[in-house]
Amino acid sequence: MNSPIRSIRGMNDILPQDIHFWQKLESTAGQVFAGYGFEQIRLPLLEKTEVFTRAIGSATDVVAKEMYSFDDRNNESLSLRPEGTAGVVRAALQNGLLYGPVRRLWYSGAMFRYERPQKGRSRQFHQIGAELFGAPGADADAEILMLGSQLWKSLGLRNLRLEINSLGNADERASYRDQLYAFLDAHKGELDDQTNERAERNPLRVLDSKDPAVQLLLADAPLLAAHLGEGSRNHYQQLKRFLDRLGIEFHENPRLVRGLDYYCHTVFEWITDELGAQGTVCAGGRYDNLVELQGGKPWPGIGFAMGEERLVELLSQTHDIAPPSPHGYLVAVGENSTESALQLAYDLRAGIPDLRLLVNLNDGSFKTQFKRADRSDALFALVLGQDEILTDQVTVKFLRNGENQLTLGRNELGNWIQGYIKAL
């Protein structure tokens, strides 16, 4: 006998008892995005590897260590998407969505990174993201942060901390990178091999280290803010004024960086202390050079991505979202009862789109079927026995509240059910 096949490590099933949290998150996000004028876009899981190496940067951990890449039968390098923004830019360029009015797009779906699986971090994970193109000012940054703030309120999530920083432009960041590298190189004997390797490839990524010893050493490291020019400082100050006016609380984190090379100017994260080490639930920033990196004319952009797994974990801790119970359970016993029950169920579902109705399968006595009906948590049972079939009627037996049963003609049953559901 063959042993059962198990899922790939780090790629997890989402089971029926959990899916309602996902549906709540995704439906709420869609409603909030629509209120801000964002349109949905759906992207391929596979892209040419160059989409990500150009955008993210070959020195990042994502490209260097974590992407699922392979050559197809035409010897073209393809990759499962590790994030969404680069693909959105590719799609927007390819389909002529840029270089006009401000464009607002959102997406959702699975992403893939070869990481060490742990709580809040898996190899297949899911993101919802929003991208805004064509607006270079701090007002666009504020709009994106307003969107995130509104989403948390709509989901009923509290205790999320917004941290912000400015990375400046490419020249300012390059000047800072040199100074930071010199500092890290002078202390390389105090750093572990992994941190030294990261410093060689991309010293800004060291700022994001979770190692307490590294963070202690970084207390004396130079700050990026000292390298910002007047334009970058003004942009950042304007954003903070907008957030103060809107009443969106934020904390400045001068060591906040993002793991992808395309970010510039404003970067931000929403963080919770309720998920242990994996506390960032949403992150993003401005990427004014990304469209040009992907082969287009320069065009500004800003966006964010949120991790669905982590947000679902937060929702499950603070909300009791039960799966919707069936309204009814159709019990049928006797000659030709199955055919009659299937026809009745088909007609009722077609006429009442909101109806949740289970039809008994695998036969069984009235007693057996009523036990199944009770276990289903349905509110009422619709009973088709020989008498009901002969008289073209249906008996309604209430399973939860002890009301007296009803007998209705099949032609009036639909209206009764609609009224009953509406009154719930």
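Observations
- Scanning region 1-35 for residues that are of a type outside the set (A, V, I, L, M, F, W, C) and in a loop (DSSP other than H, G, I, E, B) yields N2, S3, P4, R6, S7, R9, G10, N12, D13.
- Given (1) over 30 Å from D139 (Cα atoms); (2) surrounded by 16 or more Cβ atoms within 10 Å (Cβ to Cβ), index of the condition G189 fails: (2)
- Taken over region 221-266, the criterion of being polar (S, T, N, Q) and in a loop (DSSP other than H, G, I, E, B) is satisfied by N253 alone.
This table checks each residue for (1) charged (D, E, K, R); (2) under 44 Å from the mean Cα position of the chain (by Cα).
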{"position": "E339", "(1), (2)": "yes, yes"}
{"position": "D354", "(1), (2)": "yes, yes"}
{"position": "D374", "(1), (2)": "yes, yes"}
{"position": "V383", "(1), (2)": "no, yes"}
{"position": "Q386", "(1), (2)": "no, no"}
{"position": "I389", "(1), (2)": "no, no"}
{"position": "L413", "(1), (2)": "no, yes"}
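- Of the residues making up region 50-80, those that are closer than 20 Å to D288 by Cα, touching a residue at least 24 places away in the same chain (Cβ under 8 Å) and assigned to a helix (DSSP H, G or I) number 6.
- Test result for W270, at pLDDT 95 or above and not in a loop (DSSP other than H, G, I, E, B): yes
Yes/no per residue for (1) over 15 Å from the mean Cα position of the chain (by Cα); (2) touching a residue at least 40 places away in the same chain (Cβ under 8 Å):
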{"site": "P16", "(1), (2)": "yes, yes"}
{"site": "Q23", "(1), (2)": "no, no"}
{"site": "E26", "(1), (2)": "no, yes"}
{"site": "G37", "(1), (2)": "yes, yes"}
{"site": "Q40", "(1), (2)": "no, yes"}
{"site": "P44", "(1), (2)": "yes, yes"}
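Matching residues to (1) touching a Phe, Trp or Tyr at 6+ places or on another chain (Cβ under 7 Å); (2) within 30 Å of L151 (Cα to Cα):
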{"position": "G296", "(1), (2)": "no, no"}
{"position": "V312", "(1), (2)": "yes, yes"}
{"position": "P326", "(1), (2)": "no, yes"}
{"position": "A332", "(1), (2)": "no, no"}
{"position": "N336", "(1), (2)": "no, no"}
{"position": "E339", "(1), (2)": "no, no"}
{"position": "I352", "(1), (2)": "no, no"}
{"position": "D363", "(1), (2)": "no, no"}
{"position": "K371", "(1), (2)": "no, no"}
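- Applying the criterion of being surrounded by fewer than 19 Cβ atoms within 10 Å (Cβ to Cβ) and in contact (Cβ under 8 Å) with a residue 60 or more places away in the chain to the residues of region 144-154, the residue that is nearest to L256 (Cα to Cα) is M146.
- Residue within region 238-252 that is in contact with a Lys or Arg (Cβ under 9 Å, 6 or more places away or on another chain), surrounded by 12 or more Cβ atoms within 10 Å (Cβ to Cβ) and among the β-branched types (V, I, T) present: no
- Given (1) more than 30 Å from E143 (Cα to Cα); (2) buried (at least 18 other Cβ atoms within 10 Å of the Cβ), index of the condition A29 fails: (1)
- The number of residues in region 375-424 being assigned to a helix (DSSP H, G or I), more than 19 Å from T338 (Cβ to Cβ) and β-branched (V, I, T) comes to 2.
- Identity of the residue in region 375-409, modelled with pLDDT of 95 or more and among the basic types (K, R), that ends up surrounded by the most Cβ atoms within 10 Å (Cβ to Cβ): K397
- Inter-residue pairs, beta-carbon under 7 Å, first on the phi > 0 side of the Ramachandran plot and in region 213-241, second surrounded by 12 or more Cβ atoms within 10 Å (Cβ to Cβ) and assigned to a helix (DSSP H, G or I), 6+ apart: none
- Residues of region 101-153 classified as acidic (D, E), over 19 Å from Q238 (Cα atoms) and at pLDDT 95 or above, total: 1
- The residues listed here are E83, E47; of these, the one that is among the acidic types (D, E), part of a strand (DSSP E or B) and surrounded by 15 or more Cβ atoms within 10 Å (Cβ to Cβ) is E47.
- Residues in region 300-332 that are over 30 Å from T395 (Cβ atoms), over 13 Å from the mean Cα position of the chain (by Cα) and crowded, with 24+ Cβ neighbours inside 10 Å: G301, I302, G303.
The values are calculated or read from the model by the stated rules, or taken from the named source; none is laboratory data. Remember, predicted model here, so these are calculated numbers, not experimental data. Methodologically, a virtual Cβ is constructed for each residue, glycine included, from the backbone with ideal geometry; neighbour enumeration extends over all protein chains shown.
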